[in-house]
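Only one structure is covered here, and it is reproduced in the block below.
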Amino acid sequence: MKIVVIGGSGHIGSFLIPRLVRGGHEVINISRGTSASYADVPEWQQVRQVVADRQQEDGDGSFGDRVAGLGADVVVDLICFTLESATALVESLRNEVGHLLHCGSIWRYGVSLKLPLTEESDSAAEPSAAEPLDEYGIRKRDIARMLKEEAASGGLATTSIHPGHIVGPGWHPIGPLGNLDPSVWHTIASGQLLQVPGSGTELMHHVHADDVAQAFEKAILNREAAAGEDFNIVAPTALTVRGYVGIAASWFGQESRMETVSWEEFRRLTSQESADTSWAHLSRNHCMSIQKAVSLIGYAPNYQPEQAVYESMRWLINNGQLHLSTPLL
């Protein structure tokens, strides 16, 4: 198949595109051309690169036609963030390609009401999650609903994939405090007391970028089962804050040392940006079900969440992006 990947040089595409090339597909990557992929592997030499500024071309209405003009069998959209952009692409690709896959987010769900969350958790009849908490989540929810309606009406075959907190080599993982502040790793690695907001039982659901790539690949290969569907794609298990701290401490030969504090106290102890990020992750308290993806497209994640985070940490340390006094075991 000829497969176009929009935004294939980022977290997911760095693993997805080599998978597709190894699968014997002709692959075209559309990107702004400003960054290289995270994985420098030989498969990239077989990929056709198309440079485009999506935001600018969405503005003048030419982006969808550019994608349609490439004559693909499948289009994978990894960087769509507005309903208007998604709708314009669908209208351009209708009757032109066989399958459109969109990258959403588990932040299409708000605060958890009943766990684990399934793809039907935002149904009006029996919601298992509150409404999305921010504009990003609202947009991802609205795009997913539009894509399902498009497929259900007999239009373009669509699938949306909704990853959890993506981790892997090349970038900082969401840490035990639910944010990206690297100081948490210094505290844990040195065996110091870590102050945690809330109860310590809040959940985060990570996923390795290659497992997300696997889900996209399996959805492409199982188009009939995937068409018109949406899938939550995460690791087989979720981490509590307390469990995450304990596991991370063991990587440095340390005992888990943490105490819970009020959110008011936590905000006093950290920057506003980090505290807001922590609240955004921990207040949702997400734990997702992957049963639908397992049963319909054969999704089989290779990484538990702690394995995915450990790989991220190892890469950061080995590449000089995180300097800790205590070595990683």
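The values are calculated or read from the model by the stated rules, or taken from the named source; none is laboratory data. What you see is a predicted model, and the numbers here were worked out from it, not measured in a lab. Neighbour counts are summed over all protein chains in view; Cβ atoms, including those assigned to glycine, are modelled from backbone coordinates with ideal geometry. The area values use the complete protein model at the heavy-atom level, side chains included, leaving out ligands, DNA and RNA. Shrake-Rupley method; radii C 1.70, N 1.55, O 1.52, S 1.80 Å.
Annotations
- Per this entry, LYS2 is counted among residues that are open to solvent by 30 Å² or more (accessible area, probe 1.4 Å) and in contact with a His (Cβ under 8 Å, 6 or more places away or on another chain).
- Positions within the stretch 207-234 being among the acidic types (Asp, Glu) and not in a helix (DSSP H, G or I), in sequence order: GLU229, ASP230
- Checking TRP315 against (1) in contact with a His (Cβ under 9 Å, 6 or more places away or on another chain); (2) over 20 Å from GLU202 (Cβ atoms), the condition it does not meet: (1)
- Residue in the stretch 69-81 that is at pLDDT 95 or above and in contact with a Cys (Cβ under 7 Å, 6 or more places away or on another chain) present: yes
- Applying a threshold of 7 Å to beta carbon distances and a minimum spacing of six or more residues, or different chains, the list of pairs starting in the stretch 303-318 at a residue that is of a type outside the set (Gly, Ala, Ser) and ending at one that is assigned to a helix (DSSP H, G or I) and open to solvent by 10 Å² or more (accessible area, probe 1.4 Å) reads GLU306/ILE247.
- Selection status of ASN318, under 18 Å from the mean Cα position of the chain (by Cα), open to solvent by 50 Å² or more (accessible area, probe 1.4 Å) and not charged (D, E, K, R): no
- So LEU177, is it under 21 Å from ARG284 (Cβ atoms) and open to solvent by 10 Å² or more (accessible area, probe 1.4 Å): yes
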